[in-house]
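Participant: What follows is a single structure, and I will ask about it in a moment.
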Amino acid sequence: MNKDKILIVEDELIAAESLSLDLNKLGYEVMGIVTSGEKAIEKTIATNPDVILMDIHLKGKMDGIHTAEKIMETFHIPIIYLTAYADVETIERAKATNPYGYLVKPYKLVDIRTTISMAIAKAEEDKKIKQSLEIEKKLNEIKTKTLARTSHDLRNPLTNILGYTELLKEYGEKIPEEKKEKYFNFIINSVTEMNDSLEELLLISKADEGKLKLYLEEFDLISFLQEIVEMYQNINENHHVKLITNAEGYLVFLDKTIFRHILNNLLSNAIKYSPQGGEIKVELKCNDCEIMLRVEDQGIGIPESYKDKLFTLFERADNVGSIKGNGLGLSIVKKAVELQNGIITVESKEGKGSKFVITIPQQQEE
Ligand code: ADP
């Protein structure tokens, strides 16, 4: 078992040595004895002790309380004050630093042991509370950000719908047929855009709550991919979307809707982030147990500095320029891949294109 590491900060050397011997006897590891506040800070950085025993009345520029305050600004190490006698004012100052205990000289072995183990237990408890508060804070930030972002994203299409509906209501009879058709298409596109955003957000929140279930079905992955690739080829004149595969037919047992989300996001990104056009390769390699799907483009690529934020909700790289997006797609792709026990990796160089690779088992369990 690892010994708990203790640092002694005490300027009376004989008292410090005797305390060190007691600590050794009790099975602790003494990381050192230091006699001033400055040295205490240095030694804390160097040895990262589990507990610091700090004499309240240190001589020098910083007394024990001041040193404790400084250490607590940066480290979460429990500090126990050592004291023989202290006046009321000193005790009040010491109390204000929320110490993990006091040991009154002359020390008794039993007191040393109980005070240190109580301090360690309380510090662990405090650490857990702090961690769960931080997680809660992060979640709240994400929720607020999501709400603000969604309201913002929905405002545009809603304004379009309202504007064109009002135009059609007021001047419907006077508007030429082909213009009317154009307005109706604007409305349909706006509703589709809103619907897609809401569906993706719903998917993310369900995944976050662990409520996203797989609805598995057997289907031929090759014809499914052919259908999607063909659709993207038909609506994009500047790009050559190509399917490459080592199989003719390949039956899988997967969630088709979720798989479609993955592919749609990767393909629409490949197309929109290669505004100059070029080849988009969708490559499928499959064997008896897993599928490897690669979506490769020759577009703007991903800056090195952004790569660790790539799958973070609402984050976008700064080389996107005026290319539209909301930073939702890849978060969904990652969640969807992980939900199917798969992994996603990316290879990309700014200005040279990107390659997203997902590997997932070909059979899932419900
Ligand atoms: P969106 O495309 O809506 O911004 P995504 O979550 O799909 O959101 O992608 C997040 C970010 O990752 C994008 O904003 C872009 O910076 C980067 N990215 C994703 N796919 C590509 C790609 N194929 N090429 C270059 N950058 C990409």
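Participant: For segment 88-95, state whether one or more residues are under 28 Å from residue 130 (Cβ atoms) and buried (at least 19 other Cβ atoms within 10 Å of the Cβ).
Facilitator: Taking every residue of segment 88-95 in turn, at least one turns out to be under 28 Å from residue 130 (Cβ atoms) and buried (at least 19 other Cβ atoms within 10 Å of the Cβ).
Participant: If residue 314 satisfies every condition in (1) on the phi > 0 side of the Ramachandran plot; (2) crowded, with 17+ Cβ neighbours inside 10 Å; (3) hydrophobic (A, V, I, L, M, F, W, C) but one, which is the exception?
Facilitator: All conditions are met except number (2).
Participant: Working only within segment 67-78, note down all residues that are free of Cβ contacts under 8 Å to residues at least 40 places away in the same chain and more than 13 Å from residue 96 (Cβ to Cβ).
Facilitator: Across segment 67-78, the qualifying residues are 70, 71, 73, 74, 75.
Participant: Something else now. Got a number for residues in segment 279-338 being in a loop (DSSP other than H, G, I, E, B), small (Gly, Ala, Ser) and either in contact (Cβ under 8 Å) with a residue 60 or more places away in the chain or within 8 Å of the ligand (Cβ to nearest atom) (or both)?
Facilitator: 5
Participant: Give 80, 41, 56 a once-over and let me know the one that is farther than 24 Å from residue 131 by Cα, modelled with pLDDT of 95 or more and buried (at least 17 other Cβ atoms within 10 Å of the Cβ).
Facilitator: From the options 80, 41, 56, the qualifying one is 41.
Participant: Suppose we filter 201, 214 for residues that are touching a residue at least 40 places away in the same chain (Cβ under 8 Å), under 34 Å from the mean Cα position of the chain (by Cα) and not in a helix (DSSP H, G or I); which single one remains?
Facilitator: 214
Participant: Continuing with this model, one more query. Which number in (1) modelled with pLDDT of 85 or more; (2) in contact with a Lys or Arg (Cβ under 8 Å, 6 or more places away or on another chain) marks the one condition that residue 212 misses?
Facilitator: For residue 212, the exception is condition (1).
Participant: Oh, and also: Being in contact with a strand residue (DSSP E or B) (Cβ under 6 Å, 6 or more places away or on another chain) and closer than 21 Å to residue 228 by Cα narrows it down to one residue among 346, 295; which is it?
Facilitator: 295
Participant: What are the residue pairs meeting all of these: first residue in segment 250-266, first residue away from the ligand (no atom under 16 Å from the Cβ), second residue assigned to a strand (DSSP E or B) and not charged (D, E, K, R), Cβ atoms under 7 Å, and 6 or more apart or on different chains?
Facilitator: So the pair list comes out as 250/286; 252/219; 252/291; 253/216; 253/363; 254/216; 255/216; 256/219.
Participant: Here's a check for you: in segment 339-354, which residue that is surrounded by fewer than 18 Cβ atoms within 10 Å (Cβ to Cβ) and either farther than 25 Å from residue 213 by Cβ or of a type in the set (Gly, Ala, Ser) (or both) is farthest from the ligand (Cβ to nearest atom)?
Facilitator: Among them, the one singled out is 345.
Participant: Within segment 356-366, track down each residue that is within 16 Å of the ligand (Cβ to nearest atom) and out of contact with any Lys or Arg (no Cβ under 6 Å at 6 or more places or on another chain).
Facilitator: Within segment 356-366, 356, 358 meet the criteria.
Participant: On the basis of being modelled with pLDDT of 95 or more, within 13 Å of the ligand (Cβ to nearest atom) and under 24 Å from residue 154 (Cα atoms), does residue 269 make the cut?
Facilitator: yes
The values are calculated or read from the model by the stated rules, or taken from the named source; none is laboratory data. From a predicted model like this one, the values you see are computed outputs, not experimental measurements. Ideal geometry is used to build each Cβ from the backbone, glycine not excepted, and the neighbour counts take in all protein chains shown.
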